[in-house]
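Asks: Supplied in structure tokens, the structure appears directly below.
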Amino acid sequence: MTGSLPSTMTAIEISEPGGPEVLVPCERPVPSPGPGEVLIEVAAAGINRPDLLQRTGGYPPPPGASDIPGLEVAGRIATLGADVDGLEVGDEITALVAGGGYAEYCVAPAPQCLPIPKGLSVVQAAALPETFFTVWTNVFDRGGLQPGESLLVHGGSSGIGTTAIQLASALGARVLTTAGSAEKCQACVELGAERAINYRDEDFVQIAKDLTGGKGVNVVLDMVGGSYVQRNISALAPDGRLCYIAFLGGSKAEVNLAPVMLKRITISGSTLRPRPVAFKAEIAGNLQKTVWPLIEAGKIAPVIHKTFALRDASQAHSLMESSTHIGKIVLTV
Ligand SMILES: NC(=O)c1ccc[n+]([C@@H]2O[C@H](COP(=O)([O-])OP(=O)(O)OC[C@H]3O[C@@H](n4cnc5c(N)ncnc54)[C@H](OP(=O)(O)O)[C@@H]3O)[C@@H](O)[C@H]2O)c1
């Protein structure tokens, strides 16, 4: 197999920080897997909003990661590095990577590879890792969401939101969500949200309280920050958990700490990309055990909004920037 590998590949690079037009096709050497890594012949690569931030210069790759954007891929294992157990050349897998996904070949740590769930296409499989790992570690590990508890997810129609709604409701939680249009709200309800709140003309704090007998929700997953911080605290029940994964509405907020103390609120935040392989391996194990069977049973499926050819990555970024999508945007290779 190694003998049949080309020495160069087409990839998409960021020619300079800027708008979608700075994403340009280029020729790069096919990367070599190091110890504990595999080389994947990429069939599809998911797009995530952090890729847009990287493109504009606001989210540089962590040390050692490829400068090529792309945090998740699906395809076939082309070669194995040293010391890889349990994977074979030819295996069809999906992988979480710290960069390098927008390319014909991509290296991934073996523990971050998962089998493509039975019944899913490569496009669907490529849409899984970044949002499923992120939602798992924030909502269930850090947020400790339990069956019977309630979750408020902001940005319900996003890649993250569509994942969180499905996962939390499949695992027995009540889900409320916010989204920016009636069409997006409708999609969120179809995915399992008990109530989707159009944040442009409804008050999520009031609705969260009304639907929980005045108590509030147990967990909030927020990507907005800014003016939402205090309102999230208001929407939470005693012992509630507020989990931050982004701050699209601003990183700074003035907060009244009294309700944080009186309700014993835990505020947490995390970024997945720089975490070590061992940390991501643990999430991969939990996903394979708990979530992959739900996908194979047809209870959860990634929502694919649109696919683009690899060369058209700039169009895919323009679409995500327009925020008219519902679910995931995926590149096909
Ligand atoms: N921390 C981590 O480890 C991690 C990992 C992955 C992703 N993320 C972050 O998670 C977020 C979602 O990522 P994605 O790839 O799923 O992006 P995406 O599909 O582009 O979603 C962004 C969403 O934000 C919503 N939004 C913006 N302002 C809002 C507001 N005021 N209230 C409610 N919703 C609002 C948009 O909906 P409307 O257009 O309807 O407002 C859209 O659905 C991004 O900010 C990304 O950086 C963090």
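Asks: With the condition kept exactly as written, say whether any residue in the range 32-42 is under 29 Å from Gly250 (Cα atoms) and either touching a His at 6+ places or on another chain (Cβ under 7 Å) or surrounded by 20 or more Cβ atoms within 10 Å (Cβ to Cβ) (or both).
Replies: If we filter the range 32-42 for residues that are under 29 Å from Gly250 (Cα atoms), which is where we start, we get none.
The answer is no; no qualifying residue exists.
Asks: Inspect the range 47-66 for any residue being surrounded by 13 or more Cβ atoms within 10 Å (Cβ to Cβ) and at positive phi and give the result as yes or no.
Replies: Scanning the range 47-66, I find no residue that is surrounded by 13 or more Cβ atoms within 10 Å (Cβ to Cβ) and at positive phi, so the answer is no.
Asks: Does Lys289 satisfy the criteria of being free of Cβ contacts under 8 Å to residues at least 60 places away in the same chain, more than 16 Å from the ligand (Cβ to nearest atom), surrounded by fewer than 17 Cβ atoms within 10 Å (Cβ to Cβ) and not in a loop (DSSP other than H, G, I, E, B)? Please lay out each step first, then the result.
Replies: Working: free of Cβ contacts under 8 Å to residues at least 60 places away in the same chain: yes; more than 16 Å from the ligand (Cβ to nearest atom): yes; surrounded by fewer than 17 Cβ atoms within 10 Å (Cβ to Cβ): yes; not in a loop (DSSP other than H, G, I, E, B): yes.
In short, yes.
Asks: To continue, here is another question. Go through the residues of the range 241-260 one by one and say whether even a single one is within 28 Å of Ala126 (Cα to Cα), crowded, with 17+ Cβ neighbours inside 10 Å and more than 15 Å from the ligand (Cβ to nearest atom).
Replies: Among the residues of the range 241-260, not one is within 28 Å of Ala126 (Cα to Cα), crowded, with 17+ Cβ neighbours inside 10 Å and more than 15 Å from the ligand (Cβ to nearest atom), which makes the answer no.
Asks: Quick one: count up the residues across the range 110-130 that are outside any loop (DSSP other than H, G, I, E, B), within 16 Å of the ligand (Cβ to nearest atom) and either surrounded by 24 or more Cβ atoms within 10 Å (Cβ to Cβ) or at pLDDT below 95 (or both).
Replies: 3
Asks: With within 16 Å of the ligand (Cβ to nearest atom) and assigned by TED's automatic domain parsing to the domain that holds Pro62 as the only criterion, which of Ala235, Ala278, Ala309, Ala316 stands out? Working first, answer last.
Replies: Details: Ala235 fails: assigned by TED's automatic domain parsing to the domain that holds Pro62; Ala278 fails: within 16 Å of the ligand (Cβ to nearest atom); Ala309 fails: within 16 Å of the ligand (Cβ to nearest atom).
Only one candidate qualifies: Ala316.
Asks: If we scan the range 102-109, do we find a residue that is in a strand (DSSP E or B), at pLDDT 95 or above, of a type in the set (Ser, Thr, Tyr) and surrounded by 15 or more Cβ atoms within 10 Å (Cβ to Cβ)? Working first, answer last.
Replies: Just the residues of the range 102-109 that are in a strand (DSSP E or B), to begin with: 103, 105-109.
Applying the additional criterion that residues be at pLDDT 95 or above yields 103, 105-109.
Then keep just the ones that are of a type in the set (Ser, Thr, Tyr); that gives 105.
Now drop any that are not surrounded by 15 or more Cβ atoms within 10 Å (Cβ to Cβ), which leaves 105.
Scanning the range 102-109 turns up at least one residue that is in a strand (DSSP E or B), at pLDDT 95 or above, of a type in the set (Ser, Thr, Tyr) and surrounded by 15 or more Cβ atoms within 10 Å (Cβ to Cβ).
Asks: Could you figure out which of (1) within 16 Å of the ligand (Cβ to nearest atom); (2) more than 12 Å from the chain's Cα centre (by Cα) isn't true of Val107?
Replies: Only one criterion is unmet by Val107, namely (1).
Asks: Looking at this structure, is Ser322 surrounded by 15 or more Cβ atoms within 10 Å (Cβ to Cβ), in the same structural domain as Leu71 (by TED's automatic domain parsing), more than 13 Å from Phe132 (Cα to Cα) and at pLDDT 95 or above? Let's see the steps before the verdict.
Replies: Values: surrounded by 15 or more Cβ atoms within 10 Å (Cβ to Cβ): no; in the same structural domain as Leu71 (by TED's automatic domain parsing): yes; more than 13 Å from Phe132 (Cα to Cα): yes; at pLDDT 95 or above: yes.
No: the conditions fail for Ser322.
Asks: Another question about this same structure. How about the range 292-306: which of its residues are under 17 Å from the mean Cα position of the chain (by Cα) and either in the same structural domain as Gln166 (by TED's automatic domain parsing) or part of a helix (DSSP H, G or I) (or both)?
Replies: Of all residues in the range 292-306, those under 17 Å from the mean Cα position of the chain (by Cα) come to 292, 295, 300-306.
Across the range 292-306, the qualifying residues are Trp292, Ile295.
Asks: Go over the candidates Val73, Val135 one by one and state the one that is within 16 Å of the ligand (Cβ to nearest atom), within 14 Å of Val38 (Cα to Cα), crowded, with 16+ Cβ neighbours inside 10 Å and touching a residue at least 12 places away in the same chain (Cβ under 8 Å). Walk me through how you get there before you give the answer.
Replies: Working: Val135 fails: within 14 Å of Val38 (Cα to Cα).
Among Val73, Val135, only Val73 is within 16 Å of the ligand (Cβ to nearest atom), within 14 Å of Val38 (Cα to Cα), crowded, with 16+ Cβ neighbours inside 10 Å and touching a residue at least 12 places away in the same chain (Cβ under 8 Å).
Asks: Continuing with this model, one more query. Kindly list, by first and then second residue, each pair from a residue in the range 178-207 that is touching a residue at least 60 places away in the same chain (Cβ under 8 Å) to a residue that is away from the ligand (no atom under 12 Å from the Cβ), limited to pairs with Cβ atoms under 6 Å and residues at least 6 apart or on different chains.
Replies: As it stands, the answer is Leu191/Gln166, since those pairs meet every condition given.
The values are calculated or read from the model by the stated rules, or taken from the named source; none is laboratory data. Every value quoted in this text rests on a predicted model; they were computed, and no experiment measured them. Neighbour counts are summed over all protein chains in view; Cβ atoms, including those assigned to glycine, are modelled from backbone coordinates with ideal geometry.
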